Amino acid sequence: MTDVLVVGPGWLGSPVAVALAEAGHQVWTLSRSGSAAPAGCTAVAGDIALAVTREGRASLLARLPHTIRHLVVCVAPSSSRGDSYAIYPAAARGAAALAEALGVTSVVYVSSTGIYDRQDGSEVNEHTLIEPTNDRVQVLFDAERLMLAAATACRAVHVLRAAGLYGPGRDPAARFAAGATPSRIWCNFSWRDDVVSAIAHCLALPPSGAGAVFNCTDNTPVRAGDIAQALTGRPADDTVTAGAAGAVAGPVRAGRSNQRISSAALLNAGWRPEVPDVYAGLRRLGHALPGRDGVS
């Protein structure tokens, strides 16, 4: 087994670190706060974005073993620090520089299917054209390009676009039961532990000489109204209409896409989600689904 560095040991990154440690890897975590490391891991305080400078890179390298061969990047803006979405390309740029300095053989960078930003209910896959129309999509796009450019014949780089992350500590049931999302909107989900397993799966894939992108979802898009009905046992109040292609009439909340994500490429690469759809995930979170099971 080899040494792994997990950048951003938060709600997703911490279980990634734990899973890799349990698999026998030596795992190091890097965060700006230097928060306590998950069980079996070693914590290091530092800002990955500073690795773009010679001084910042030297500072990080002085605290990390030079035996690290795998890099996982799970960064997200921190509201307490006043972060903007610009953290994504800054972290990607730093991660690429650190990967080069350490000579790592594989990188997994966690991105978002929000990069597609479709509002018409269409199906999207990794070949769908990305057309940034707002600042959030632009920085996601910029970060991915920076990360993919770090791929070499000896270094695999995989961008994992996750959708609708949920799981222990992040339960979407209340907002769906309350009808906070228009009923005709298509929703896509990724159970946290399935993303963890997808990251481990991608780390084991061999270099191809070029970076690769995978969507990571349960591959079962569901309309918001169907989720609401499953939770409450009542038909959704369908206050919006949709055309034949699934486009919603009227504006969609900023940051909310209406699209159906295909994860066929990741499935074809040998990965399988343990939680097959959001209904199974809601049951794992302790919810009864009277609208599907016929019981309250």
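Since only ALA92, SER31, SER59 are under comparison, the one whose Cα sits farthest along the positive direction of the charge dipole of region 26-97, derived from C-beta charges on Lys, Arg, Asp and Glu, is SER59.
Each part gets one Cα centre, and for region 259-288 versus region 133-172 those centres are 18 Å apart.
Rolling a 1.4 Å probe over the protein heavy atoms of the chain, with every protein chain left in place, gives an accessible area that is 52 percent carbon and sulfur. Ligands, DNA and RNA are left out, and with a 1.4 angstrom probe the accessible area of region 102-217 is 38 Å² per residue. Placing unit charges on each Cβ (+1 for Lys and Arg, -1 for Asp and Glu) gives region 31-176 a dipole about its Cα centre, and among TYR166, SER111, VAL72 the Cα reaching farthest toward its positive end belongs to VAL72. For the chain, a crude dipole built from +1 on the beta carbon of Lys and Arg and -1 on the beta carbon of Asp and Glu, taken about the Cα centre, is about 300 debye to the nearest 20.
GNM on the chain, alpha-carbon springs under 10 angstrom: the most fluctuating residue among ASP226, ASP277, ASP135 is ASP135.
Helix 13-22 versus the longest principal axis of the chain: what angle, 0 to 90°, nearest 10, using Cα atoms? Long axis of 13-22 versus the principal axis of the chain: about 60 degrees. For the chain, a Gaussian network of Cα nodes joined below 10 Å ranks VAL72, VAL196, VAL107 by mean-square fluctuation, and the top entry is VAL196.
Rounded to the nearest 10 degrees, what's the angle between the helix 192-203 long axis and the longest principal axis of the chain, both from Cα atoms, 0 to 90? In the chain, helix 192-203 runs at an angle near 40 degrees to the longest axis. Temperature 10 °C, viscosity 1.306 mPa s: under these conditions the Stokes-Einstein estimate for region 6-116, based on its Kirkwood radius over C-alpha pairs, is 113 µm² per second.
The values are calculated or read from the model by the stated rules, or taken from the named source; none is laboratory data. As the structure is a computational prediction, the values presented were derived from the model and not from experiment. Heads up, the Cβs are rebuilt from the backbone with ideal geometry, glycines too, and the neighbour counts pull from every protein chain shown. We work out accessible area using only protein heavy atoms, side chains counted, and drop any ligands, DNA or RNA first. Shrake-Rupley method; radii C 1.70, N 1.55, O 1.52, S 1.80 Å.
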